[in-house]
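Comments concern the structure below.
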There are 2 protein chains.
Amino acid sequence: MFDYKLLAALAAVVEQAGFERAAQVLGLSQSAVSQRIKLLEARVGQPVLVRATPPTPTEIGRRLLNHVQQVRLLERDLQGQVPALDEGGLPERLRIALNADSLATWWGGAVSEFCAEQGVLLDLVVEDQDVGLKRMRAGEVAACVCAAERPVAGARSLALGAMRYRALASPGFLARHFPDGVEAQRLARVPAIVFGPDDLLQHRYLAGLGVEGSFVHHLCPSSEGFVRLACAGFGWGLVPELQVERELAGGALVEILPGRPLDVPLYWHHWRNGGELLATLTRHLQRATLGRLVRPAD
Amino acid sequence: MFDYKLLAALAAVVEQAGFERAAQVLGLSQSAVSQRIKLLEARVGQPVLVRATPPTPTEIGRRLLNHVQQVRLLERDLQGQVPALDEGGLPERLRIALNADSLATWWGGAVSEFCAEQGVLLDLVVEDQDVGLKRMRAGEVAACVCAAERPVAGARSLALGAMRYRALASPGFLARHFPDGVEAQRLARVPAIVFGPDDLLQHRYLAGLGVEGSFVHHLCPSSEGFVRLACAGFGWGLVPELQVERELAGGALVEILPGRPLDVPLYWHHWRNGGELLATLTRHLQRATLGRLVRPAD
């Protein structure tokens, strides 16, 4: 069998983003952690980590992490049956990647009951909806909420429904830039707000209006910050309807062109052999997202 | 003089987090970008990039990026006087690192007027308040809001005031775990919410109550998600007062132990030779943070 002390060292360095913190978590000296990584590399015959800040797994490192993640989930099932195997008696942790907008809206309400009942702690990792899947592939997370449907090898994907976005701005922004009403062609020349380089919602919205090419924009990689900038009149941008019910009702934000929502489907990716806890959460999510996300039948 | 085509390639690869996007932004082929980086490395005699995903600058790479950032700010001043030098006629961009909680609360309202008046677009980078300064040192940003006072070489820091945090939880969470009132010693054994490995606010709060050592916690690296999880009863945690005025007024969140705020001072770090735009923003922030952040005199 593999030497799991070495693999646990690799997982700790990646998850804790450094050797020092990994050593703290493992209760080892930093040089002991370093030794374990070197020994692991000697065994597999190639580097498992890129020594950057933070350290990142190599291709082979990612495959090993993926394996560690799956073994951990299987161990949990066994611990339920053979409690003496459990080393710490600490609550279980589930590491899950999800997009910032889900975390800023429906996730907490949908999952709180599950976590309280199961006594589970969450390690949440925020990733843009189009790139979260790479964390699954890297074996760093047990599951992931993202916009891509196709599962990675060894995993399944489940359609959860869609988040509905609306293109919004403050009344002050619209009055300043569009005193005579919004013209689609001019939208590309007034500031938009974009979450980050992977956020193509504003591009898709403009393309839907027949506006192609680049447009001026602020970059704001925070869901809450995005809404604050929109309310403060920095620019227009696509915001989940769920996140701004109060702002829409109170008039702090208005739709720039009425009746043009953009629905982004979300999928739940989870390991096929991910153990009973993950299967329970998957069943729970199927129910709990009803009424929170838009389904094709709605 | 330096060859700025090469330096611009380095800056684009780091800022765009990859060769492919850097090539798009520069309007070059990916191999041309790669060639420029190699030529730069041949000139300086050592690697400027760690070829990880995303690529990260080496020590010498960081010094070069720092230089590029300062040159760009100086160019901006000159372009105001010699408009013909301006290549694109695009609005200026300011790249600024700040902590998620500032972005989720006071930042937008404090800076909107400045951006609208100056026609400036923001590239915001979210970094934990204790680590944002590394982006300054890396030369990747023009300025930074963080909790560390000491400026990096070539920069100045300005005290903006403090964010006031309160330890909050939902009434349901408190009723479930503390039916007879909150006991400090038991706080470490019920779930807390922690923003990420660099967030030590919960540790400091517990230490202030005389509770040392580790405690169970969820990890949630999103300001808005943090509040949503707290409202949904996942755990207790320290939240900026500014962010939850409505939740406190409406009773969705309550202070776990009354009258124990934690103030986190924030500093504005900016390059000493950062040009007129940055100096104007610095003056603007001094006024605009009044009433938004807590000052010693308040």
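If the condition is being open to solvent by 20 Å² or more (accessible area, probe 1.4 Å) and at the interface with another protein chain (Cβ under 7 Å from one of its Cβ atoms), then the stretch A:232-245 contributes only A:Ala232. Take the conditions (1) of a type outside the set (Val, Ile, Thr); (2) at pLDDT below 95; (3) in a strand (DSSP E or B); (4) closer than 20 Å to A:Glu224 by Cα; B:His270 misses just one of them, which is (4). Taking A:Ala17, is it under 23 Å from A:Asp123 (Cα atoms), crowded, with 16+ Cβ neighbours inside 10 Å and modelled with pLDDT of 85 or more? So A:Ala17 fails the test.
Selection of the stretch A:273-298 for residues being assigned to a helix (DSSP H, G or I) and aliphatic (A, V, I, L, M) yields A:Leu277, A:Leu278, A:Ala279, A:Leu281, A:Leu285, A:Ala288. Of the residues making up the stretch B:96-118, those that are open to solvent by 20 Å² or more (accessible area, probe 1.4 Å) and touching a residue at least 60 places away in the same chain (Cβ under 8 Å) are B:Asp101, B:Gly109, B:Glu113, B:Gln118. Of all residues in the stretch B:47-57, those being surrounded by fewer than 17 Cβ atoms within 10 Å (Cβ to Cβ) and either under 13 Å from B:Met136 (Cβ atoms) or in contact with a Leu (Cβ under 9 Å, 6 or more places away or on another chain) (or both) number 0. Go through the stretch A:250-277 and give me each residue that's open to solvent by 10 Å² or more (accessible area, probe 1.4 Å) and more than 20 Å from A:Arg204 (Cα to Cα). Listed by number, the residues that qualify are A:Gly250, A:Gly251, A:Ala252, A:His270, A:Arg272, A:Asn273, A:Gly275, A:Glu276.
Working only within the stretch A:196-226, note down all residues that are under 25 Å from the mean Cα position of the chain (by Cα), facing chain B (nearest Cβ under 10 Å) and either in contact (Cβ under 8 Å) with a residue 24 or more places away in the chain or on the phi > 0 side of the Ramachandran plot (or both). Within the stretch A:196-226, A:Gly196, A:Asp198, A:His217, A:His218, A:Leu219, A:Cys220, A:Pro221, A:Ser222, A:Ser223, A:Glu224, A:Phe226 meet the criteria.
Looking only at strands (runs of 3 or more DSSP E) that fall completely inside the stretch B:119-192, which ones have 3 or more residues that are within 20 Å of B:Ala279 (Cβ to Cβ), open to solvent by less than 10 Å² (accessible area, probe 1.4 Å) and aliphatic (A, V, I, L, M)?
Details: elements: B:120-126, B:143-146, B:155-169.
By residue number, B:120-126.
With the structure loaded, tell me whether B:Thr280 is in contact with a strand residue (DSSP E or B) (Cβ under 7 Å, 6 or more places away or on another chain) and either open to solvent by 10 Å² or more (accessible area, probe 1.4 Å) or not hydrophobic (A, V, I, L, M, F, W, C) (or both) or whether it fails that test. Spelling it out, it is not the case that B:Thr280 is in contact with a strand residue (DSSP E or B) (Cβ under 7 Å, 6 or more places away or on another chain) and either open to solvent by 10 Å² or more (accessible area, probe 1.4 Å) or not hydrophobic (A, V, I, L, M, F, W, C) (or both).
The values are calculated or read from the model by the stated rules, or taken from the named source; none is laboratory data. Everything numeric in this text was worked out from a predicted model, so none of it was measured. Backbone-built Cβ (ideal geometry, glycine too); neighbour counts: all protein chains shown. The protein model used for the area step is the full one, side chains on, heavy atoms only, and it has no ligands, DNA or RNA in it. Shrake-Rupley method; radii C 1.70, N 1.55, O 1.52, S 1.80 Å.
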